[in-house]
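Take a look at the structure below.
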Amino acid sequence: MTVLSGLIIVLFAAALQGTFILPMNHTRGWTWEHNWFAFSVCGMLLLNAVIGFATIPSLLGIYFSTPAKDVLLLAALGFGWGIGAVLFGLGMDRLGMALGYPVIMGLIAVLGGLLPFLLLRSHDLLSSRGLMYFFGTALAIAGIVICSRSAALRDRSKALPDSKARPGLTSGLLIAIFAGALSCLPNLGVSLNASLIRAGGLLNVSPSRATNAVWVLFFGAGFLANGVYCFWKMGQGKNSSELLVHATGRNLALILAMAAMWIGSFYVYGLGAPRLGPAGIIFAWPLFICVSIVVGNFWGIRAGEWSGATAEARAKLRFGLAILLFSVVVISLASLA
(Lines give C-alpha, C1' and ligand atoms only; values in the text may rest on other atoms or scores of the structure.)
Protein backbone atom coordinates (compact mmCIF):
# COMPACT_ATOMS: atom_id res chain seq x y z
CA MET A 1 0.00 0.00 0.00
CA THR A 2 2.91 2.34 0.70
CA VAL A 3 4.30 1.77 -2.80
CA LEU A 4 0.85 2.21 -4.37
CA SER A 5 0.29 5.46 -2.50
CA GLY A 6 3.73 6.59 -3.66
CA LEU A 7 2.80 5.92 -7.29
CA ILE A 8 -0.44 7.89 -6.92
CA ILE A 9 1.40 10.82 -5.33
CA VAL A 10 4.07 10.86 -8.07
CA LEU A 11 1.37 10.75 -10.77
CA PHE A 12 -0.40 13.69 -9.11
CA ALA A 13 2.89 15.60 -9.02
CA ALA A 14 3.33 14.90 -12.75
CA ALA A 15 -0.18 16.21 -13.44
CA LEU A 16 0.75 19.46 -11.70
CA GLN A 17 3.98 19.68 -13.70
CA GLY A 18 2.12 19.09 -16.97
CA THR A 19 -0.43 21.79 -16.12
CA PHE A 20 1.62 24.61 -14.61
CA ILE A 21 2.36 26.44 -17.88
CA LEU A 22 -1.32 27.04 -18.69
CA PRO A 23 -1.82 30.29 -16.70
CA MET A 24 1.07 31.98 -18.53
CA ASN A 25 -0.91 31.77 -21.79
CA HIS A 26 -3.56 34.12 -20.36
CA THR A 27 -1.49 37.02 -19.02
CA ARG A 28 -1.85 40.40 -20.75
CA GLY A 29 0.84 42.90 -21.69
CA TRP A 30 3.78 40.72 -20.70
CA THR A 31 6.23 38.98 -23.03
CA TRP A 32 7.87 35.66 -22.18
CA GLU A 33 10.69 37.24 -20.17
CA HIS A 34 8.23 39.20 -17.99
CA ASN A 35 6.15 36.12 -17.33
CA TRP A 36 9.16 33.94 -16.62
CA PHE A 37 10.82 36.46 -14.30
CA ALA A 38 7.62 36.91 -12.25
CA PHE A 39 7.15 33.13 -12.20
CA SER A 40 10.75 32.58 -11.09
CA VAL A 41 10.41 35.07 -8.22
CA CYS A 42 7.13 33.54 -7.04
CA GLY A 43 7.97 29.87 -7.58
CA MET A 44 11.71 29.54 -7.05
CA LEU A 45 12.00 32.08 -4.22
CA LEU A 46 8.80 33.13 -2.43
CA LEU A 47 6.53 30.07 -2.44
CA ASN A 48 9.54 27.79 -2.24
CA ALA A 49 10.71 29.52 0.95
CA VAL A 50 7.18 29.65 2.41
CA ILE A 51 6.65 25.90 1.95
CA GLY A 52 10.15 25.12 3.17
CA PHE A 53 9.91 27.11 6.40
CA ALA A 54 6.28 26.06 6.99
CA THR A 55 7.19 22.38 6.89
CA ILE A 56 10.61 22.77 8.54
CA PRO A 57 10.72 25.66 11.05
CA SER A 58 14.34 24.69 11.81
CA LEU A 59 15.32 24.81 8.12
CA LEU A 60 18.35 27.04 8.63
CA GLY A 61 19.49 24.75 11.43
CA ILE A 62 19.52 21.82 8.98
CA TYR A 63 21.75 23.75 6.59
CA PHE A 64 24.13 24.77 9.39
CA SER A 65 24.25 21.17 10.63
CA THR A 66 25.03 19.78 7.16
CA PRO A 67 28.66 19.62 5.95
CA ALA A 68 29.47 22.76 3.96
CA LYS A 69 30.63 20.73 0.94
CA ASP A 70 27.22 19.05 0.68
CA VAL A 71 25.38 22.36 0.90
CA LEU A 72 27.64 23.87 -1.76
CA LEU A 73 27.18 20.82 -4.01
CA LEU A 74 23.39 21.12 -3.77
CA ALA A 75 23.55 24.85 -4.53
CA ALA A 76 25.85 24.18 -7.51
CA LEU A 77 23.43 21.56 -8.85
CA GLY A 78 20.59 24.05 -8.48
CA PHE A 79 22.50 26.74 -10.35
CA GLY A 80 23.32 24.18 -13.06
CA TRP A 81 19.63 23.32 -13.35
CA GLY A 82 18.89 27.04 -13.72
CA ILE A 83 21.30 27.24 -16.65
CA GLY A 84 19.63 24.14 -18.10
CA ALA A 85 16.22 25.84 -17.92
CA VAL A 86 17.59 28.76 -19.93
CA LEU A 87 19.28 26.46 -22.46
CA PHE A 88 16.00 24.55 -22.87
CA GLY A 89 14.41 27.62 -24.41
CA LEU A 90 17.45 28.36 -26.56
CA GLY A 91 17.67 24.76 -27.77
CA MET A 92 14.00 24.68 -28.73
CA ASP A 93 14.44 27.94 -30.62
CA ARG A 94 17.46 26.60 -32.55
CA LEU A 95 16.14 23.11 -33.30
CA GLY A 96 12.36 23.44 -33.20
CA MET A 97 9.84 21.05 -31.72
CA ALA A 98 10.61 18.10 -34.01
CA LEU A 99 14.26 17.73 -33.00
CA GLY A 100 14.74 19.83 -29.87
CA TYR A 101 11.97 18.33 -27.73
CA PRO A 102 12.89 14.63 -28.08
CA VAL A 103 16.61 15.33 -27.56
CA ILE A 104 16.09 17.45 -24.44
CA MET A 105 13.21 15.55 -22.83
CA GLY A 106 14.78 12.20 -23.71
CA LEU A 107 17.99 13.17 -21.92
CA ILE A 108 16.03 14.50 -18.93
CA ALA A 109 14.06 11.24 -18.64
CA VAL A 110 17.14 9.00 -19.07
CA LEU A 111 19.81 10.86 -17.11
CA GLY A 112 17.47 11.86 -14.28
CA GLY A 113 17.00 8.19 -13.44
CA LEU A 114 20.28 6.76 -14.71
CA LEU A 115 22.65 8.97 -12.70
CA PRO A 116 21.03 8.10 -9.33
CA PHE A 117 20.88 4.46 -10.50
CA LEU A 118 24.65 4.41 -11.12
CA LEU A 119 25.39 6.22 -7.86
CA LEU A 120 23.03 4.35 -5.55
CA ARG A 121 21.91 1.05 -7.16
CA SER A 122 24.63 0.03 -9.62
CA HIS A 123 24.40 -3.58 -8.37
CA ASP A 124 20.83 -3.74 -9.76
CA LEU A 125 21.72 -2.66 -13.31
CA LEU A 126 21.49 -6.16 -14.83
CA SER A 127 18.80 -7.51 -12.52
CA SER A 128 15.29 -8.24 -13.86
CA ARG A 129 14.11 -5.08 -12.13
CA GLY A 130 16.88 -2.99 -13.67
CA LEU A 131 16.29 -4.38 -17.16
CA MET A 132 12.56 -3.70 -16.85
CA TYR A 133 13.36 -0.14 -15.81
CA PHE A 134 15.61 0.42 -18.82
CA PHE A 135 13.00 -1.11 -21.15
CA GLY A 136 10.40 1.28 -19.78
CA THR A 137 12.78 4.21 -20.18
CA ALA A 138 13.50 3.20 -23.79
CA LEU A 139 9.74 3.13 -24.43
CA ALA A 140 9.47 6.59 -22.91
CA ILE A 141 12.11 7.95 -25.28
CA ALA A 142 10.33 6.34 -28.24
CA GLY A 143 7.05 7.91 -27.16
CA ILE A 144 8.66 11.33 -26.80
CA VAL A 145 10.19 11.08 -30.28
CA ILE A 146 6.88 10.02 -31.87
CA CYS A 147 4.95 12.81 -30.12
CA SER A 148 7.53 15.29 -31.37
CA ARG A 149 7.27 13.99 -34.93
CA SER A 150 3.49 14.32 -34.75
CA ALA A 151 3.91 17.96 -33.73
CA ALA A 152 6.26 18.49 -36.68
CA LEU A 153 3.63 17.05 -39.04
CA ARG A 154 0.99 19.32 -37.50
CA ASP A 155 3.16 22.40 -37.94
CA ARG A 156 4.05 21.45 -41.51
CA SER A 157 0.39 21.15 -42.41
CA LYS A 158 -0.18 24.63 -40.98
CA ALA A 159 2.98 26.01 -42.63
CA LEU A 160 4.30 27.19 -39.26
CA PRO A 161 7.86 28.49 -38.95
CA ASP A 162 8.82 25.40 -36.95
CA SER A 163 8.78 23.34 -40.13
CA LYS A 164 11.36 25.54 -41.89
CA ALA A 165 15.03 24.75 -41.99
CA ARG A 166 16.88 26.30 -39.08
CA PRO A 167 20.48 27.53 -39.07
CA GLY A 168 23.07 26.44 -36.53
CA LEU A 169 22.17 22.75 -36.29
CA THR A 170 25.43 21.71 -34.64
CA SER A 171 25.36 24.48 -32.05
CA GLY A 172 21.67 23.79 -31.50
CA LEU A 173 22.35 20.11 -30.79
CA LEU A 174 25.13 21.01 -28.34
CA ILE A 175 22.80 23.42 -26.54
CA ALA A 176 20.05 20.76 -26.43
CA ILE A 177 22.44 18.15 -25.02
CA PHE A 178 23.60 20.49 -22.25
CA ALA A 179 19.99 21.52 -21.59
CA GLY A 180 18.89 17.91 -21.17
CA ALA A 181 21.86 16.99 -19.00
CA LEU A 182 21.42 19.99 -16.68
CA SER A 183 17.62 19.88 -16.53
CA CYS A 184 17.64 16.41 -14.95
CA LEU A 185 19.56 17.68 -11.91
CA PRO A 186 16.54 18.04 -9.56
CA ASN A 187 16.35 14.26 -9.28
CA LEU A 188 20.08 13.99 -8.69
CA GLY A 189 19.83 16.66 -6.02
CA VAL A 190 17.03 14.90 -4.15
CA SER A 191 18.87 11.57 -4.42
CA LEU A 192 21.87 13.09 -2.61
CA ASN A 193 19.90 14.22 0.42
CA ALA A 194 21.34 11.78 2.96
CA SER A 195 23.36 14.40 4.83
CA LEU A 196 20.34 16.73 5.02
CA ILE A 197 18.20 13.91 6.40
CA ARG A 198 20.85 13.11 9.02
CA ALA A 199 21.01 16.78 10.00
CA GLY A 200 17.23 16.86 10.19
CA GLY A 201 17.25 13.83 12.46
CA LEU A 202 19.44 15.70 14.92
CA LEU A 203 16.73 18.41 15.02
CA ASN A 204 13.84 15.90 15.30
CA VAL A 205 12.75 16.48 11.68
CA SER A 206 11.36 13.39 9.92
CA PRO A 207 13.11 12.22 6.73
CA SER A 208 10.05 13.00 4.59
CA ARG A 209 10.05 16.63 5.78
CA ALA A 210 13.84 16.98 5.75
CA THR A 211 13.77 16.27 1.99
CA ASN A 212 12.01 19.63 1.55
CA ALA A 213 15.29 21.31 2.51
CA VAL A 214 16.64 20.19 -0.87
CA TRP A 215 14.17 22.28 -2.89
CA VAL A 216 14.58 25.56 -0.99
CA LEU A 217 18.31 25.67 -1.63
CA PHE A 218 18.26 23.96 -5.03
CA PHE A 219 15.68 26.15 -6.74
CA GLY A 220 16.81 29.24 -4.84
CA ALA A 221 20.19 28.82 -6.53
CA GLY A 222 18.46 28.05 -9.81
CA PHE A 223 16.70 31.40 -9.65
CA LEU A 224 20.03 33.20 -10.12
CA ALA A 225 20.46 31.88 -13.65
CA ASN A 226 16.81 32.35 -14.60
CA GLY A 227 16.54 35.84 -13.12
CA VAL A 228 19.73 37.12 -14.74
CA TYR A 229 18.69 35.74 -18.14
CA CYS A 230 15.23 37.32 -17.94
CA PHE A 231 16.74 40.70 -17.02
CA TRP A 232 19.15 40.38 -19.93
CA LYS A 233 16.24 39.60 -22.28
CA MET A 234 14.31 42.62 -21.00
CA GLY A 235 17.39 44.77 -21.54
CA GLN A 236 17.77 43.47 -25.08
CA GLY A 237 14.13 44.19 -25.83
CA LYS A 238 14.21 47.50 -23.95
CA ASN A 239 10.94 46.58 -22.29
CA SER A 240 11.89 46.15 -18.63
CA SER A 241 9.48 48.94 -17.60
CA GLU A 242 6.57 46.83 -18.91
CA LEU A 243 7.16 44.41 -16.05
CA LEU A 244 5.75 46.87 -13.50
CA VAL A 245 3.34 48.66 -15.84
CA HIS A 246 1.43 45.43 -16.47
CA ALA A 247 1.80 43.94 -12.99
CA THR A 248 -1.97 43.82 -12.64
CA GLY A 249 -3.89 41.74 -10.15
CA ARG A 250 -4.95 39.43 -12.98
CA ASN A 251 -1.41 38.83 -14.20
CA LEU A 252 -0.03 38.33 -10.70
CA ALA A 253 -2.80 35.89 -9.77
CA LEU A 254 -2.16 33.84 -12.91
CA ILE A 255 1.58 33.75 -12.33
CA LEU A 256 1.05 32.86 -8.67
CA ALA A 257 -1.13 29.91 -9.73
CA MET A 258 1.52 28.88 -12.25
CA ALA A 259 4.26 29.07 -9.60
CA ALA A 260 2.18 27.16 -7.03
CA MET A 261 1.59 24.25 -9.40
CA TRP A 262 5.22 24.16 -10.49
CA ILE A 263 6.94 24.27 -7.11
CA GLY A 264 4.16 22.18 -5.61
CA SER A 265 4.85 19.43 -8.13
CA PHE A 266 8.40 19.03 -6.81
CA TYR A 267 7.38 19.02 -3.15
CA VAL A 268 4.68 16.44 -3.91
CA TYR A 269 7.20 14.43 -5.97
CA GLY A 270 9.64 14.51 -3.06
CA LEU A 271 6.87 13.16 -0.82
CA GLY A 272 5.86 10.33 -3.15
CA ALA A 273 9.15 9.07 -4.63
CA PRO A 274 10.66 7.72 -1.35
CA ARG A 275 7.49 5.65 -0.81
CA LEU A 276 8.48 3.52 -3.81
CA GLY A 277 11.28 2.00 -1.76
CA PRO A 278 15.08 2.45 -1.63
CA ALA A 279 15.18 2.91 -5.42
CA GLY A 280 12.09 5.10 -5.48
CA ILE A 281 13.88 8.20 -6.74
CA ILE A 282 15.18 6.21 -9.70
CA PHE A 283 11.84 4.76 -10.77
CA ALA A 284 9.74 7.83 -9.99
CA TRP A 285 11.61 10.26 -12.25
CA PRO A 286 10.74 8.82 -15.70
CA LEU A 287 7.15 8.39 -14.48
CA PHE A 288 7.11 12.04 -13.49
CA ILE A 289 8.47 13.19 -16.86
CA CYS A 290 6.31 10.90 -19.03
CA VAL A 291 3.01 11.66 -17.32
CA SER A 292 3.73 15.40 -17.35
CA ILE A 293 4.23 15.19 -21.14
CA VAL A 294 0.94 13.30 -21.56
CA VAL A 295 -0.90 15.84 -19.40
CA GLY A 296 0.70 18.75 -21.26
CA ASN A 297 -0.44 17.30 -24.58
CA PHE A 298 -3.94 16.82 -23.19
CA TRP A 299 -4.16 20.52 -22.32
CA GLY A 300 -2.71 21.41 -25.71
CA ILE A 301 -5.45 19.43 -27.45
CA ARG A 302 -8.12 21.05 -25.25
CA ALA A 303 -6.71 24.48 -26.11
CA GLY A 304 -7.12 23.82 -29.83
CA GLU A 305 -3.43 23.46 -30.65
CA TRP A 306 -4.27 20.45 -32.83
CA SER A 307 -7.24 21.94 -34.63
CA GLY A 308 -6.64 21.72 -38.36
CA ALA A 309 -3.94 19.04 -37.98
CA THR A 310 -3.97 16.22 -40.51
CA ALA A 311 -5.33 12.78 -39.67
CA GLU A 312 -1.77 11.40 -39.95
CA ALA A 313 -0.48 13.88 -37.36
CA ARG A 314 -3.32 13.12 -34.96
CA ALA A 315 -2.82 9.36 -35.36
CA LYS A 316 0.91 9.71 -34.69
CA LEU A 317 0.19 11.76 -31.57
CA ARG A 318 -2.22 9.13 -30.25
CA PHE A 319 0.35 6.40 -30.93
CA GLY A 320 3.11 8.35 -29.17
CA LEU A 321 0.93 9.05 -26.14
CA ALA A 322 -0.09 5.38 -25.98
CA ILE A 323 3.59 4.35 -25.92
CA LEU A 324 4.28 6.90 -23.16
CA LEU A 325 1.41 5.51 -21.11
CA PHE A 326 2.68 1.97 -21.68
CA SER A 327 6.13 3.05 -20.50
CA VAL A 328 4.49 4.38 -17.33
CA VAL A 329 2.94 0.92 -16.75
CA VAL A 330 6.26 -0.87 -17.34
CA ILE A 331 8.24 1.41 -15.01
CA SER A 332 5.49 1.18 -12.39
CA LEU A 333 5.67 -2.62 -12.52
CA ALA A 334 9.45 -2.41 -12.20
CA SER A 335 9.10 -0.28 -9.09
CA LEU A 336 6.72 -2.86 -7.61
CA ALA A 337 9.03 -5.81 -8.45
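Structure summary
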quantity: Scope the stretch 8-24; condition within 25 Å of residue 271 (Cα to Cα), assigned to a helix (DSSP H, G or I) and among the aliphatic types (A, V, I, L, M); matching residues; calculated: 8, 9, 10, 11, 13, 14, 15, 16, 22
quantity: Matching entry among 331, 301 (being of a type in the set (Val, Ile, Thr) and in contact (Cβ under 8 Å) with a residue 24 or more places away in the chain); calculated: 331
quantity: Complete set of residues in the stretch 43-74 that are closer than 20 Å to residue 262 by Cβ and surrounded by fewer than 21 Cβ atoms within 10 Å (Cβ to Cβ); calculated: 45, 46, 47, 49, 50, 51, 53, 54, 55
quantity: Of all residues making up the stretch 25-58, the number that are more than 24 Å from the chain's Cα centre (by Cα) and either charged (D, E, K, R) or in a helix (DSSP H, G or I) (or both); calculated: 1
quantity: Candidates 142, 85, 109 - the one that is over 24 Å from residue 323 (Cβ atoms), at pLDDT 75 or above and part of a helix (DSSP H, G or I); calculated: 85
quantity: Complete set of residues in the stretch 223-238 that are without any contact (Cβ under 8 Å) to a residue 12 or more places away in the chain and either not in a helix (DSSP H, G or I) or not aromatic (Phe, Trp, Tyr) (or both); calculated: 228, 235, 236, 238
quantity: Residue that is nearest to residue 42 (Cα to Cα) [pool: residues in the stretch 194-214 that are open to solvent by 20 Å² or more (accessible area, probe 1.4 Å) and not in a helix (DSSP H, G or I)]; calculated: 206
quantity: Set 313, 284, 257: member being in contact with a Gly (Cβ under 8 Å, 6 or more places away or on another chain), surrounded by 15 or more Cβ atoms within 10 Å (Cβ to Cβ) and outside any loop (DSSP other than H, G, I, E, B); calculated: 284
quantity: Count of residues meeting criterion [open to solvent by less than 20 Å² (accessible area, probe 1.4 Å) and assigned to a loop (DSSP other than H, G, I, E, B)] in the stretch 287-310; calculated: 2
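Condition check ((1) under 22 Å from the mean Cα position of the chain (by Cα); (2) assigned to a helix (DSSP H, G or I); (3) over 30 Å from residue 30 (Cβ atoms); (4) of a type in the set (Val, Ile, Thr)) across all residues:
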residue	(1), (2), (3), (4)
172	yes, yes, no, no
178	yes, yes, no, no
190	yes, yes, yes, yes
216	yes, yes, no, yes
221	yes, yes, no, no
240	no, no, no, no
244	no, yes, no, no
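The values are calculated or read from the model by the stated rules, or taken from the named source; none is laboratory data. On a predicted model such as this, the values are computed, not experimentally measured, just so you know. Every residue, glycine among them, receives a Cβ derived from its backbone with ideal geometry; neighbour counts consider all protein chains shown. What goes into the accessible areas is simple: the full protein's heavy atoms, side chains included, and nothing from ligands, DNA or RNA. Shrake-Rupley method; radii C 1.70, N 1.55, O 1.52, S 1.80 Å.
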